[in-house]
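Values quoted throughout were computed directly from the atomic coordinates according to the rules given, and no laboratory measurement underlies them. Given the structure is predicted, the values throughout are model-derived calculations rather than measurements. Methodologically, a virtual Cβ is constructed for each residue, glycine included, from the backbone with ideal geometry; neighbour enumeration extends over all protein chains shown.
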Amino acid sequence: MLTPTARAWFDEALTAATDRTALWELRFASAGRHCGPEHADSVRVALLRAARAEPAVLTRLYQQGSAPERRAVLLALPSLVTGPEALPLVEDALRTHDTHLIAAALGPYAAAHLAPHPWRHALLKCLFTGVPLDTVAGLHDRARGDSELARMLADYATERTAAGRPVPDDLPRVLALTAPTAPTEES
């Protein structure tokens, strides 16, 4: 819950975003200072939604933003961008080693728009960096029956074992999801 001071700041920032005044982007950037880091993501996402930020604005805020600002842009994508035009932001986040950005990048927007090959590599990156796979939106649906993902996961497990390193706990669970599904009989 926001403090009364933070709530007043947020209400003003929300009005600025709704009216698309020049101040709203500055408010977006300073949300963590005014509302606290525990509320910064939700406040920033609310500001982006209120401003109805378009892909060009989202791209600028992402490219010029700090890691928490970039995370908020990624979290807002599913509610603001219907097509694949924001995929470069997701792809950029997946090239980082920032686990918070990687987790945010693999939300519902990536589940809907990221092609199978980069999505599979993103899952491996999660395993490699320790991002819990429970944070990956659409995991069950996208992994189901994916034989290429199964091969990649098995190869990764073999490499880890050969190197004397532990296999991440999430790997066997996701590998089980890749099992081919049996056709159902119609009655």
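If you take the beta carbon distance between ARG151 and ASP11 as r and set R0 to 30 Å, what does 1/(1 + (r/R0)^6) give as a FRET efficiency, to the nearest 0.05? Mind dumping the intermediate values first?
Working: r = 53 Å, r/R0 = 1.75.
Result of the calculation: an efficiency of 0.05.
Of the trypsin sites (Lys or Arg not before Pro) in region 83-187, the ones in a loop by DSSP (not H, G, I, E or B) with at most 15 other beta carbons within 10 Å are ARG95, ARG144. Taking the charge dipole of the chain about its Cα centre, with +1 at Lys and Arg Cβ atoms and -1 at Asp and Glu Cβ atoms, the residue from ALA16, TYR109, ALA150 reaching farthest to the positive side is ALA16. Dipole size of the chain about its Cα centre, with +1 on Lys/Arg Cβ and -1 on Asp/Glu Cβ: approximately 420 debye, rounded to the nearest 20.
Anisotropy class assigned to region 20-102 is oblate, per the alpha carbon gyration tensor with a/c at or over the 1.5 cut-off and a/b no larger than b/c. In the chain, the longest principal axis of the Cα atoms and the axis of helix 116-129 are about 80 degrees apart. Relative to the longest principal axis of the chain, what angle (0 to 90°, nearest 10) does the C-alpha long axis of helix 24-35 take? Value to nearest ten degrees: 80. A simple spin-label model places the labels of ARG144 and LEU124 2.5 nm from each other, with each point 7 Å out along Cα-to-Cβ. Helical runs assigned H by DSSP (4 residues or longer) give the chain a calculated mean residue ellipticity at 222 nm of -21000 deg cm²/dmol, each run adding -39500 (n - 2.57) before division by the residue total. Set against the 2.2 N^0.38 Å expectation for a compact globular protein, region 45-187 has a Cα radius of gyration ratio of 1.16.
THR135 to GLU91: FRET efficiency via 1/(1 + (r/R0)^6), r the Cβ-Cβ distance, R0 30 Å, to the nearest 0.05?
The computed FRET efficiency comes out at 0.95.
The longest stretch of the chain left intact once loop-based GluC sites (Glu not before Pro) with at most 11 other Cβ atoms within 10 Å are removed from consideration, loops following DSSP, is 1-184.
Rounded to the nearest 10 degrees, the angle from helix 147-162 to the longest Cα principal axis of the chain is 80 degrees.
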